[in-house]
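Since the structure comes first, as structure tokens, the remarks are kept for the end.
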């Protein structure tokens, strides 16, 4: 499915500085340093720099079309199409909206406080037995990332789009671009409570996913109290499809937790997923989608049981001497609790390396203290905390019975490395988790490097 420079000029009210109006808009990118052959570069203004000023670097890395801020002077370059617009980000969003409107297949939008990416991957696994699927890659779930995903659409028959937010109004914009035909809300928890203040406001923000839907079909986790409150308020519930362990139309039972948890769902028996009970909800959302699109139960079972690993999201790395659980992509109280529950299932000495959870606002101290109790309840042998707020995890863990000598705190991940090198022994199982900005993935990479050099 192609859109052209002329289409982009039309939807962005842009001016053609040079080039060909009939050129196709290929894959789009916003980082001038990343190669994108025959791609379309959008020079988006960031906090520190205006991307439009790096258009020559983008051309060197493959850009055929550049969409740039009209506040600057640019050189005309032979063979390159340059479009000048008031706002390159808005131009990207507008052309993505235009392309979405040309698409007639199903679009699944997924949001929630935790579990979006895991749910997305399971939904894709289920739908791939029936459709050629375009999905969100990595963390492309933002005001920039979602339009970039839609612009990758070629001959796919279905889109599965992860949709993130941190403030009121953001999901409204994404929904108006993506126009989901089916939406999923995985849960409403405490992620982003620092910005939105209350869970009621978080619910309001999540429900904005409905704003771009012409005919509403919503799949929700009926075990989540906020979503159940929303459901109870509705007079007409016919357009809402529910799942859960305790509640919902699609229900899990015969649950046996372990490193791989097994369970049954309605008439589908012997399902198996990585992780504990909390991760069943991701599977239930995907099963709900499968049933909605009449995917056979054997195909659903194969898709759910598929051993797929998502980088930095509860990713089990089995090294020669130790096992690492890399869950460094992001963190909330609920995902931290789930990761500690997963750690508990392993044999061997359990080490938890936990960093700050960000965007909690005035709730930060209380939530970090709750994690300290979870550390003890899940049998952690050694606790290493990193950052500022995570001191409360250590303090609470000691109050709940973990001996002080089995805890250590560092201000940043770099300072922890020498201690970890001396602490870690053969057969240890190590969980590394914190908000992405804490850069705990550097610890994972460091330990993997030591392992490759036989220094562990």
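Say R0 is 22 Å: what FRET efficiency, to the nearest 0.05, do residue 454 and residue 411 get from their beta-carbon distance?
E(calc), rounded to 0.05, equals 0.15.
For the range 315-452, what is the convex hull (Cα atoms) projected area averaged across all directions, in square nanometres?
Reported value for the Cα convex hull: 7.1 nm².
Residue 377 versus residue 156, label points 7 Å from Cα toward the beta carbon: distance in nm?
About 3.8 nm, to one decimal.
Averaging sequence separations of C-alpha pairs under 8 Å and six or more residues apart, then dividing by the length of the chain, give the relative contact order as a whole percent.
That works out to 11 percent.
Report the convex hull volume per residue for the range 237-331, counting only C-alpha atoms, in Å³.
Once divided by residue count, the hull of the range 237-331 is 126 Å³.
Determine the equivalent ellipsoid of the range 81-163 by diagonalising the alpha-carbon gyration tensor, then write out the semi-axes as square roots of 5 times the eigenvalues, largest first, rounded to whole Å.
24, 16, 9
Measure off 7 Å from each Cα along the Cα-to-Cβ vector at residue 132 and residue 388, then give the distance between these two points in nanometres to one decimal.
5.0
When DSSP assigns beta bridges and you keep just the ones with both residues in the chain, what percent turn out antiparallel, to the nearest 5?
Of all bridge pairs located within the chain, approximately 25 percent are antiparallel.
What FRET efficiency, computed as 1/(1 + (r/R0)^6) with R0 = 35 Å and r the Cβ-Cβ distance, is obtained for residue 264 and residue 317, rounded to the nearest 0.05?
The pair residue 264/residue 317 has a calculated efficiency of 0.70.
Per the Debye formula with a single identical scatterer at each Cα and no solvent contribution, what log10 I(q)/I(0) holds for the range 182-277 at q = 0.15, 0.17, 0.19, 0.23 Å⁻¹?
With one equal scatterer per Cα and no solvent, log10 I(q)/I(0) is -0.70, -0.85, -0.98, -1.16.
Along its three principal axes, how long is the range 103-305 when you only count alpha carbons? Whole Å, largest extent first please.
Each principal axis gives a Cα extent; for the range 103-305 these are 41, 41, 34 Å.
What translational diffusion coefficient, to the nearest whole µm²/s, does the chain have by Stokes-Einstein, given a Kirkwood radius computed over alpha-carbon pairs, a temperature of 10 °C and 1.306 mPa s viscosity?
The Stokes-Einstein estimate is 67 µm²/s.
In µm²/s, what is D for the range 5-95 at 37 °C and 0.692 mPa s, where D = kT/(6 pi eta Rh) by Stokes-Einstein and Rh is the Kirkwood radius from Cα pairs?
263
Summing -39500 (n - 2.57) over the DSSP H runs of n ≥ 4 in the chain and dividing by its residue number, what mean residue ellipticity at 222 nm do you reach, to the nearest 500 deg cm²/dmol? Intermediate results must be reported in sequence, preceding the final value.
On the way: 16 runs with 153 residues, N = 456.
Only helices count here, giving -9500 deg cm²/dmol.
Tell me the angle of helix 88-101 to the major Cα principal axis of the chain, expressed in degrees between 0 and 90 and rounded to the nearest ten.
Helix 88-101 sits at roughly 90 degrees to that axis.
Between residue 310 and residue 214, what is the label-point separation in nm under the 7 Å Cα-to-beta-carbon projection?
2.9
Read-outs: derived from the displayed coordinates by stated rules, not from any lab. Remember, it's a predicted structure, so these values are computed and weren't measured experimentally. Glycine also receives a Cβ, built like all others from the backbone with ideal geometry; neighbour counts cover every protein chain displayed.
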